[in-house]
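What follows is a set of notes on a single structure, which appears directly below.
Derivation of every value follows stated rules applied to the coordinates shown; laboratory data play no part. Source: prediction; values computed, not measured. Methodologically, a virtual Cβ is constructed for each residue, glycine included, from the backbone with ideal geometry; neighbour enumeration extends over all protein chains shown.
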Amino acid sequence: MALLLLIGQIHICQKGKEHFFMVKNSLSSVISQKENQENGGSVEFQVFSFTTKLRRLNSHLELHKKDFSSQRGLRKILGKRQRLLAYLSKKNRGRYKELIDELDIREIKTR
């Protein structure tokens, strides 16, 4: 089980002549080294790491709307996470429900 921390960072941004503050929340995990080595390949850990990457990229794209290479990377990571979640929902529905509740993400649509 992973422990999640919400860390807030304040950024000073400039748009034209105006300056404004932006609070950037990032989700970081506190996982022991032993747990990371044991469960690094588990579906839950992979989905968790993709979710943290997606949230970081999403906050980056709020500032840099025309960064198309980052948008492409976000879409690729999102597709990988969706495939992993689809696999987990087929194999073990209980673990899937627990994971999406813990990470606060939407349930995928199954065909």
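A few remarks follow.
- Within-13-Å neighbourhood charge of Glu98 [Cβ basis; K, R +1; D, E -1]: -2
- Rounded to the nearest whole Hz, the Karplus-based 3J(HN,Hα) values (6.51 cos²θ - 1.76 cosθ + 1.60, θ = phi - 60°) of region 41-55 follow the sequence x, 5, 4, 4, 5, 5, 5, 4, 5, 5, 5, 5, 5, 5, 5, with x at glycine and proline.
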